[in-house]
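Structure record follows, encoded as structure tokens.
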Amino acid sequence: MKYCLTICFALCFLSFWVSAQDSYTLEIQAFQDHLNDEFANPDESPLKSEDLEQFEELAFFPINPKLQIKATFVRTENQKPFRMKTTTTRRPIYEKFGEAHFELDGKNYVLNIYQSHQLREREEFKTHLFLPFTDLTNGDSSYGGGRFIDLEIPSDQEIIIDFNKAYNPYCAYNSRYSCPIPPKENDLPLEIKAGVMKFHD
């Protein structure tokens, strides 16, 4: 009887785990589909006209649930606003809003999280946070200028950093855009093989 209960519990746990994995995969696939729809839409796409004509879909790294990170969020109060460097002469005002502390493959990392002064004045973006980062895939399998992750202000001391939702700035596709350059403090000394890959060589 005890053996049967153990088997039953194991099967129930396995079923729950598989269901959770399937649900997460569907979530990331929906994120990817949304990006592809945006890029295929002439009214929204950042692509050059010649690239848009041939566009089918963006390239993504394989979905990796391990790179959905539960990080400790540390709010950094009274930060001095600064002008973030971009790929042009534009210098938008940002403020360091907090830090994400996390562990990956047995090593500890910290990423700075920022808030745009311009966007926080708009009702739909007042809780929006910005995480730009670089890693060792840049210039190889991902865009050389780094990638971005969109976040929301957390309600407690935990924040989810999902690298499977990392995307390229628009200037990865078209030089007419002005894109923030990730601050050097957010350079990760490892490969983040998740999210959007580079567009083309």
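The values are calculated or read from the model by the stated rules, or taken from the named source; none is laboratory data. Bear in mind that the values here come from a model prediction, so they are computed numbers and not experimental data. In this analysis, Cβ positions are derived from the backbone assuming ideal geometry, glycine residues included, and neighbour counts consider all displayed protein chains. Accessible surface areas use protein heavy atoms only, side chains included; no ligands, DNA or RNA. Shrake-Rupley method; radii C 1.70, N 1.55, O 1.52, S 1.80 Å.
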Which residues, counting only those in region 61-84, are open to solvent by 40 Å² or more (accessible area, probe 1.4 Å) and outside any loop (DSSP other than H, G, I, E, B)? Pro65, Lys66, Gln68, Lys70, Thr72, Val74, Arg75, Phe82, Arg83
Subset of region 143-169 that is in contact (Cβ under 8 Å) with a residue 24 or more places away in the chain and among the charged types (D, E, K, R) - its residue that is surrounded by the most Cβ atoms within 10 Å (Cβ to Cβ): Arg147
If a residue has to be part of a helix (DSSP H, G or I) and surrounded by 14 or more Cβ atoms within 10 Å (Cβ to Cβ) to count, how many in region 170-189 make the cut? 4
Being among the acidic types (Asp, Glu), under 21 Å from the mean Cα position of the chain (by Cα) and open to solvent by less than 90 Å² (accessible area, probe 1.4 Å): is that true of Glu95 here? yes
Can you list residue pairs whose Cβ atoms sit under 7 Å apart, with the first residue in region 175-196 being of a type in the set (Asp, Glu) and the second being assigned to a loop (DSSP other than H, G, I, E, B)? Count only pairs 6 or more apart in sequence or on different chains. Glu191/Asp135; Glu191/Leu136; Glu191/Thr137
Counting just the residues of region 121-142 that are touching a strand residue (DSSP E or B) at 6+ places or on another chain (Cβ under 8 Å) and part of a loop (DSSP other than H, G, I, E, B), which one comes out least open to solvent (accessible area, probe 1.4 Å)? Asp135
